[in-house]
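Chemist: Handing you this structure, nothing more for now.
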Amino acid sequence: MRKPQKKVSGIGFGTALVLFIVLLFAIPVAMVADLVHKALTAEMDGLNAGFFAEMEGSSTVKREFILQKMQEPLIRITKVASDPAFLTGGRKYFEEKARPLLDEIKNAQAVALVASDGTVIDFVGSGSLDTFRSLARASKAGPAESSVLQSMDGFGVRISGGEQAPFFCVKMDLMALNVAVTSEWKTKIEADRENCMAFVRWGSASAAWQVKVIGGGPPGLASMVASLDFNGGGSLKLPAYDPRNLAGLTRKSFVASGGMVLGLLIEHSAGEMLQMMVKDARSINQEHELFRKIIIIKIFLAMIGMLILSYIFAMLVGTPIRRLGEACEGIEAGAFPSSLPLSPFREINLLGRSLLRMASTVESQIDSANRELMEQNKRLRALFQNIPDAIYLVDKRLRVVMANPVGKRRLELEHIPAEGLVFEGPRASLLQKLIESPQGIIEELRLEATRAVYKVTGSLLVDLYGECFGYLLLERDITLEKEVDRMKTEFVSNVSHELRTPLTSIQAYTEMLLDGEADSDGQRREYLEIISQETERLTRLVNDVLDLSRMESGRQLVRFASIDPVRIARHSCQVMERWAQKKNHQLSFDTEFPEAKITADKDLFEQVLLNLLSNAIKYTPANGRISLTCKRADGEFRFEVRDTGIGMNESEKARLFTKFFRADNEVARTAGGTGLGLVLVLEIARLHKGRVSVESSPGNGSCFSFCLPIAGI
């Protein structure tokens, strides 16, 4: 029975097609809108440019005339200040030159000499000179070319005579001068019926801008300009101008009040004073608004027509596509239709036939893909399960969600919990390092409980978009490698130590001989015997090291042959008899099989017996007993070397076959040796598939057994 299908959500094809067509035309529409916006902006900019160009023409002529008139006092003062006699003429000379200036310069109130430090030297007239004092001090701290002082109170020019010369200053009412100069042009300004000229000055007492209309423009415009509020308020919403920072004011701007739109052309005249040209700008906005409305209406009508056509086209295409969708649902349920409804569009009919052909191949392709995925999954699982290193997969919550069997064993778990496992101890620290290192980590992990050493390689898991979705930890056991490295290091250290001891003795006694410290032939012979003994010891050490190296690396040539072990054992005892007699030892030989044959290397076999007998002689105090016995038991030949020496404890027995191991007692230190003899015995036994064992206890001697299989190698 077919399961009920959930209701399909989403918009209909017709609506989607309408939206698609709208989006299809969105780019051209956006481009048109951008062009319209640019056209509106360009038109407005053109109107504004023409508007202010007319005002610029009228303002430029007035500004140039006013500036020329305003500069006349400064030119007059500069000419007078060029006379260096002010520095030496005294007050009388100053008054002779200064008083005529009060009459010649309009609106002049006072004339003074002000030093660079702000001190008033001479003064004629009335009024405060605080501004000039401040400006003079500022010029002293400023650049050397600061020779002109100018403020809203007047002008000052440095007297000719150097950088430290005082300033010749004239205090005057610049506002009154400006008004006086402008009044000369009042007739021309009044004739300008479009532009209105006005001056704005900051009133320090009232702390407000004061507007003075000079003339020009229609009466209504002139009255409105006079009522402008430059303090940031008022109905015209003018910006608040800072009288101390007029350089940053907006030169061209528009303001509006009700139906009135004004264009302002503002110029910084002098000090805290502005010159302003005003013109009625309502016509610009009216023309621009009409043009904008026409454009918007045309665009709106075009959009409506486009939506209507899009909807009609969507209905023609959407209906057959919806029927194709119903046919696809039937194919999904296993009901393959024999035919599909036709459409007015040839491409949709081709799509229907393609759907029928596709449905016949989808199932076979899906089955093939499933089989391939199952095979790949099986291979990956086998690889994951059989890797000898531990693998941990950690999610973004820092929980272990997957581990291979080796990893589970190290965590002492049979299964990873469904909610994940949180690392603890050293592994948690390594995981934190991995989080802080996007490039991955390669660290060593040491577990004190098991004394195991692991090499941990960590890396981030990222998806196709570069987003991290987890972490992978690969944990390799390198305990054995670390132990091998330690043993190599210890081996080199021990060899170096063992080589240094005889070399030191050889060097010392050789130097004693060269220095003539031996007084007699007997003493020289003693020194030479010591040198000979140490040389033999050094030779034995080198030979033992070379033999051991060849055996361990597999380069030792073993010449297997049928030999008589009893005869070789008896000969070994005869060789060592002389050494045993030096310590008054009793050396005996006994065998349970007088005749026997084994397959072995004769030289290596004899070396084993000589090493065992040599150790027994060294570690047995004087008057001891040493025996070599040949036995046959449990399918092997056993060669036992028994002594009545000092014996060994359990800790010494555990390290007996370690390279360079020497028991820490007086007998061992006196006996000498390389500490490699028993290691060589063990390696030779391994090459012959035999074994070596030892029985010993402190004070009760030792018994070393060298066993070879009877069946041969």
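The values are calculated or read from the model by the stated rules, or taken from the named source; none is laboratory data. Here the structure is a predicted model, which is why all the values come from computation and not from measurement. Don't worry about glycine lacking a Cβ; one is built from the backbone with ideal geometry, like all the others, and counts go over all protein chains shown.
Chemist: Hey, any hits in segment 603-625 for a residue that's in a strand (DSSP E or B) and surrounded by 22 or more Cβ atoms within 10 Å (Cβ to Cβ)?
Modeler: no
Chemist: On the given criteria, is Phe123 in the same structural domain as Val170 (by TED's automatic domain parsing), more than 21 Å from Asp153 (Cα to Cα) and either surrounded by 15 or more Cβ atoms within 10 Å (Cβ to Cβ) or modelled with pLDDT under 80 (or both)?
Modeler: Here the answer is no, as Phe123 does not meet what is asked.
Chemist: Among the residues that make up segment 137-148, is at least one of them surrounded by 13 or more Cβ atoms within 10 Å (Cβ to Cβ) and either closer than 30 Å to Lys186 by Cβ or in the same structural domain as Gly216 (by TED's automatic domain parsing) (or both)?
Modeler: Within segment 137-148, not a single residue is surrounded by 13 or more Cβ atoms within 10 Å (Cβ to Cβ) and either closer than 30 Å to Lys186 by Cβ or in the same structural domain as Gly216 (by TED's automatic domain parsing) (or both).
Chemist: Then there's this: Scan segment 61-98 for residues that are surrounded by fewer than 13 Cβ atoms within 10 Å (Cβ to Cβ) and assigned to a helix (DSSP H, G or I) and report the count.
Modeler: Total meeting the criteria: 9.
Chemist: Ok, one more. Say we look at segment 644-677 and pick out the residues that are in contact with a helix residue (DSSP H, G or I) (Cβ under 7 Å, 6 or more places away or on another chain) and aliphatic (A, V, I, L, M); which of these is modelled with the highest pLDDT?
Modeler: The qualifying residue modelled with the highest pLDDT is Ile646.
Chemist: Further, regarding this structure: Could you say which residue among Gln432, Gln439 is outside the structural domain of Thr658 (by TED's automatic domain parsing), outside any helix (DSSP H, G or I) and within 20 Å of the chain's Cα centre (by Cα)?
Modeler: Being outside the structural domain of Thr658 (by TED's automatic domain parsing), outside any helix (DSSP H, G or I) and within 20 Å of the chain's Cα centre (by Cα) holds for just one of Gln432, Gln439, which is Gln439.
The rows are residues; the columns are (1) over 30 Å from His688 (Cα atoms); (2) at pLDDT 75 or above.
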position	(1), (2)
Tyr509	yes, no
Gln533	yes, no
Ser549	no, no
Ala561	no, yes
Arg567	no, yes
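Chemist: Ok, one more. Name every residue in segment 387-406 that is over 14 Å from Glu475 (Cα atoms) and either not assigned by TED's automatic domain parsing to the domain that holds Tyr471 or not in a strand (DSSP E or B) (or both), in order of residue number.
Modeler: Answer for segment 387-406, where residues must be over 14 Å from Glu475 (Cα atoms) and either not assigned by TED's automatic domain parsing to the domain that holds Tyr471 or not in a strand (DSSP E or B) (or both): Lys396, Arg397, Leu398.
Chemist: Quickly run through segment 557-599 and pick out the residues that are over 16 Å from Phe639 (Cα atoms), in a strand (DSSP E or B) and of a type outside the set (Ser, Thr, Tyr).
Modeler: Ala561, Gln586
Chemist: Does any residue of segment 249-266 turn out to be of a type outside the set (Ser, Thr, Tyr), modelled with pLDDT under 75 and surrounded by fewer than 14 Cβ atoms within 10 Å (Cβ to Cβ)?
Modeler: Yes, the conditions are met somewhere in segment 249-266.
Chemist: Given the conditions (1) at pLDDT 75 or above; (2) loosely packed, with under 15 Cβ neighbours inside 10 Å; (3) hydrophobic (A, V, I, L, M, F, W, C), and given that Ala180 satisfies all but one, which numbered condition is not satisfied?
Modeler: Result: Ala180 passes all but (1).
Chemist: Keeping to segment 159-185, report how many residues are of a type in the set (Val, Ile, Thr), assigned to a loop (DSSP other than H, G, I, E, B) and either in the same structural domain as Gly203 (by TED's automatic domain parsing) or closer than 19 Å to Arg201 by Cβ (or both).
Modeler: Final tally of qualifying residues: 0.
Chemist: Now a separate question. Return a yes/no flag: does segment 279-288 have any residue that is loosely packed, with under 12 Cβ neighbours inside 10 Å and either under 55 Å from the mean Cα position of the chain (by Cα) or at pLDDT 80 or above (or both).
Modeler: No, segment 279-288 contains no residue that is loosely packed, with under 12 Cβ neighbours inside 10 Å and either under 55 Å from the mean Cα position of the chain (by Cα) or at pLDDT 80 or above (or both).
Chemist: A further question follows. Being assigned to a helix (DSSP H, G or I) and either touching a Leu at 6+ places or on another chain (Cβ under 9 Å) or among the hydroxyl-bearing types (Ser, Thr, Tyr) (or both), is that true of even one residue in segment 362-375?
Modeler: yes
Chemist: Within segment 201-213, track down each residue that is outside any loop (DSSP other than H, G, I, E, B) and more than 15 Å from Leu265 (Cα to Cα).
Modeler: Arg201, Trp202, Gly203, Ala208, Trp209, Gln210, Lys212
Chemist: Starting from segment 682-694, take each residue that is touching a residue at least 60 places away in the same chain (Cβ under 8 Å) and list its partners that are part of a helix (DSSP H, G or I), counting only C-beta distances under 6 angstrom and pairs at least six apart or across chains.
Modeler: Glu683/Met551; Ile684/Leu604; Ile684/Val608
Chemist: Filter segment 131-158 down to the residues that are assigned to a helix (DSSP H, G or I) and not hydrophobic (A, V, I, L, M, F, W, C), then identify the one that is modelled with the lowest pLDDT.
Modeler: Ranking the candidates gives Lys140 first.
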